[in-house]
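The values are calculated or read from the model by the stated rules, or taken from the named source; none is laboratory data. Every value quoted in this text rests on a predicted model; they were computed, and no experiment measured them. A quick note on method: Cβ atoms are made from the backbone with ideal geometry, for glycine too, and the neighbour counts reach across all protein chains shown.
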Amino acid sequence: MEQKEKDECVRLLHELGCSCVIGNGKKQWIGRERGVKDLLYLLRNEPAQLQAAFVADKVVGKAAASLMILGGISELDTNVLSLPASWLLRQYGVPFSAGRLVPHIINRAGNGWCPLEKRCFYAESPEVCLQRIEAFLQLSGEKRKN
């Protein structure tokens, strides 16, 4: 993917106020969901969109980084990146740039750890993170139904 296309993904991320923009050289995919839902959707339903893709994202923790690695992305540009995510990306050879590196991702209320960052912190692989993400989302969905 050419630098011009990467710059366009980053520009769209900021202009549209979306959660992520994923470009694979053929088309761009605009994510609008909160958290890791867009990445999980693509991994399950449109994996070709992630394969060798450039990702521009606002906030990336270890859970999101795991999904990106499993999807086979080629590079990441993010505003905020957690240290656990950076360690995992380095371990799997995924180049990244980050506006800010933080110890961990905080929750939406701003008063503690992001629940997925906490669940994935000690996970030894992206596959284990995926299992924890799916379990968390299933549990969260069940709580909303009740």
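Here T78 meets each of (1) among the polar types (S, T, N, Q); (2) in a loop (DSSP other than H, G, I, E, B); (3) buried (at least 19 other Cβ atoms within 10 Å of the Cβ) with one exception, condition (2).
Scoring Y92 on the criteria (1) at pLDDT 95 or above; (2) among the hydroxyl-bearing types (S, T, Y); (3) over 29 Å from R11 (Cβ atoms) leaves a single failure, condition (3).
Filter the stretch 38-47 for residues that are surrounded by 13 or more Cβ atoms within 10 Å (Cβ to Cβ) and touching a residue at least 24 places away in the same chain (Cβ under 8 Å) and give the result. Within the stretch 38-47, L39, L40, L42, L43 meet the criteria. For V59, the conditions (1) of a type outside the set (G, A, S); (2) more than 23 Å from L116 (Cα to Cα); (3) out of contact with any helix residue (DSSP H, G or I) (no Cβ under 9 Å at 6 or more places or on another chain); (4) crowded, with 19+ Cβ neighbours inside 10 Å all hold with the exception of (2). R90 - would you say it is in a loop (DSSP other than H, G, I, E, B) and basic (K, R)? No: the conditions fail for R90. Look through the stretch 65-75, keep the residues that are hydrophobic (A, V, I, L, M, F, W, C) and touching a strand residue (DSSP E or B) at 6+ places or on another chain (Cβ under 7 Å), and return whichever of them is surrounded by the most Cβ atoms within 10 Å (Cβ to Cβ). Among residues in the stretch 65-75 that are hydrophobic (A, V, I, L, M, F, W, C) and touching a strand residue (DSSP E or B) at 6+ places or on another chain (Cβ under 7 Å), the one surrounded by the most Cβ atoms within 10 Å (Cβ to Cβ) is M68.
When you scan the stretch 1-51 for helices (runs of 4 or more DSSP H) that lie fully inside it, which ones turn up with 3 or more residues that are within 15 Å of S66 (Cα to Cα) and either modelled with pLDDT of 95 or more or within 15 Å of the chain's Cα centre (by Cα) (or both)? Ranges flagged: 37-45. Any residue at all in the stretch 4-25 that is under 20 Å from E134 (Cα atoms), out of contact with any helix residue (DSSP H, G or I) (no Cβ under 7 Å at 6 or more places or on another chain), touching a residue at least 40 places away in the same chain (Cβ under 8 Å) and not small (G, A, S)? Within the stretch 4-25, none of the residues are under 20 Å from E134 (Cα atoms), out of contact with any helix residue (DSSP H, G or I) (no Cβ under 7 Å at 6 or more places or on another chain), touching a residue at least 40 places away in the same chain (Cβ under 8 Å) and not small (G, A, S).
The rows are residues; the columns are (1) in contact with a Lys or Arg (Cβ under 8 Å, 6 or more places away or on another chain); (2) within 29 Å of G25 (Cβ to Cβ).
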{"residue": "T78", "(1), (2)": "yes, yes"}
{"residue": "V94", "(1), (2)": "no, yes"}
{"residue": "G99", "(1), (2)": "no, yes"}
{"residue": "V102", "(1), (2)": "no, no"}
{"residue": "N111", "(1), (2)": "no, no"}
{"residue": "P115", "(1), (2)": "no, no"}
{"residue": "F121", "(1), (2)": "yes, no"}
{"residue": "S125", "(1), (2)": "no, yes"}
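None of L42, L88, L70, L83 is in contact with a Phe, Trp or Tyr (Cβ under 9 Å, 6 or more places away or on another chain) and closer than 21 Å to R132 by Cβ except L42. For A85, are the conditions met, namely being within 21 Å of F136 (Cβ to Cβ) and either touching a residue at least 60 places away in the same chain (Cβ under 8 Å) or crowded, with 23+ Cβ neighbours inside 10 Å (or both)? In short, yes.
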